[in-house]
Amino acid sequence: MSKLSHIFTLVTVLAFVLAATTGCPPAEGPASGPVPGATSAPAAVPEEPVAVAGAPSGKAELFLTLPAGCNTPDGMCLLEDGSVILSMPNFNNMEEGARLMKITPDNKVETFLELGKHPETGDLVGPLGVCLAPNGDLFLADFQMNGKKQSRVLRIPMKDGKPGEPVPAIEAFHVSNAVICHDGYLYVSETQIDVEKEPGTSGVLRFKLEDLDKGVIKLADDVTKDPHFLGIIEIHNKDVKFGADGLCFDKAGNLYCGNFADGTLHRFEFDKDGKVKSNEIFATADFMKCCDGLFFNPKTEEVYVSDSVTNAIHAVAMDATVRTLARNGDTDGTDGGMDQPCEVLLRGNELIVSNMDWPIPGCVNKEYNEPCTLSVIRITD
C-alpha cells in the first residue's frame, strides 16, 4: 500500500525536512535479519542503476504517460479483470481536483471516480492507499492535511464494475495511509500518532470486514488504546516523522509494514488465534533509505519496496536479504525512469511503479515535471 511522499509539500508548515541522503554511497550485499531497533543512517545515492545478480533489467521503462489533470499519482490496486485503480490526490496542483483513475487491461487511462470534499474540513478528499475488498467494493484512505484526526477510510460500493458514492467506513485517523484486505480483515497504516516525543510513533490497525458492514467505526482519542490497534512502529528519524506506510502479506500470513522515514521493513507475526506474537524490524540495508509502498510476489516470495528517497525499487527475500531491482538519478520520467516512486503493483510480469513526482528536500527528485508518468520493471520468474 500507500504512501506519504506527497505530504512533504507541507514541509515549511509542518516542519518536516527530509535530510537522509548525504554521506557514503550505498553498499551492495545482504541486509541484516530482524533487529531490535530502527536506524536511519544517511548515504548518498548513485546516479546509475545498481547491477544486482538476478535483477530483471536494472532499469525501469516507460509504462504510460498520464493525461492532463493527473499531477500526483499515488496508490494502486488490481481489479479482477486486470484493470488498475490509481489514486490521484493531485497535491502538486489541487485546483485540478482529486479523483481515482482506471488503467484498463490494454493500458488505456480513463477517469474512474471524481472525489468530493471532506464534510468537516471542506478540503478535497486526499486519496492515498486503495484496495479491493472480497465483495468487490473498494476501500480508500482519505488523508486530510487540516484539522485534528480528520483522516478517514472510505468505502466505495461497486456494482457492475461501476463505482458508487464513497461513504465513511472508519473515522478519526491522524494520517490514514495504506489499506489492504486479508483473511476477513481490513488493515490500515497510521503513519503518525505522536511525533512530538522521541522516538515518534506510528502503527497499524485491523478491522473485521463484517464489523465494517454494520456502520462507521470511530477510533479512540488515543489510537494506541483502540481495540483495533495492532502495534507501534517507532520513528527514529529525527527530521522526518513519517512511519508506518506500505502494507503487504506473505504466503504464511505475516504482515509487512514499511517505515517511510527510517527505511526499515517491519514484520508482524500472528498466533493461531490471530493475536500479534511478534512485531519487529525484519530487514534493513544501507542503500534502502525509504520504505514507501509494498507488494508481495508469491512466485519469488519477495517483498517489493518503493524507495521514493533514492528513486529505487528493492526486493526483500524471506531471509531478509535486500537487493535493488532498479535505481536511477533525477529524471522527468519521460525516459521511463522512476520519478519519486511511491507505490508498486505486480500485474503478470509487469511491476508497475507509480511516480508521485512531489519534490522532497534531500531526495534524488529535485523538481516537478509534466507530464506525470508510470514506470514498469519486467519481472522474470
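Coordinate-derived values only; no laboratory data. The model shown is predicted, which means the values in this text are computed figures rather than measured ones. We place every Cβ from the backbone using ideal geometry, glycine too, and count neighbours over all the protein chains shown.
Please work out how much length the chain gains when fully extended from M158 to R378, using 0.36 nm per residue of separation minus the C-alpha to C-alpha distance, in nm with one decimal.
Working: separation 220, 0.36 × 220 = 79.20 nm, distance 3.10 nm.
Using 0.36 nm per residue and subtracting the Cα-Cα distance, I get 76.1 nm.
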### Residue order, fewest to most beta carbons within 10 Å, for C248, C342, C257
C248, C257, C342
### Task
Which order do the peptides 345-355, 289-299 take when ranked by the mean count of other beta-carbon atoms within 10 Å per residue, highest first?
289-299, 345-355
### Query
Which of the trypsin sites (Lys or Arg not before Pro) found in the range 176-282 are loop residues per DSSP with 14 or fewer other Cβ atoms within 10 Å of their Cβ?
K197, K214, K238, K251, K272, K275
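Where in the range 89-197 are there GluC sites (Glu not before Pro) that are in a DSSP coil and have at most 11 other Cβ atoms within 10 angstrom of their Cβ? Please report the intermediate quantities before stating the final value.
On the way: sites: E95, E96, E110, E114, E120, E171, E190, E196; in loops: E120, E196.
Counting only loop positions with at most 11 other Cβ atoms within 10 Å, the GluC sites (Glu not before Pro) in the range 89-197 are E196.
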### Label point distance in nm, V167-D81, each placed 7 Å from Cα along Cα→Cβ
2.4 nm
### Task
Give the order of Y368, Y256, Y304 when sorted by the count of other beta carbons within 10 angstrom, beginning with the fewest.
Y368, Y256, Y304
### Candidate lysines - alpha carbon under 23 Å from K149, same-chain residues fewer than 8 apart omitted
K3, K117, K197, K208, K214, K218, K225, K238, K241
#### Entry: Cβ crowding within 10 Å averaged over residues, with 153-165, 61-73 ranked highest first
61-73, 153-165
### Message
If you average the alpha carbon positions of the range 260-305 and of the range 157-212, how far apart do those two centres end up, in angstrom?
### Response
18 Å
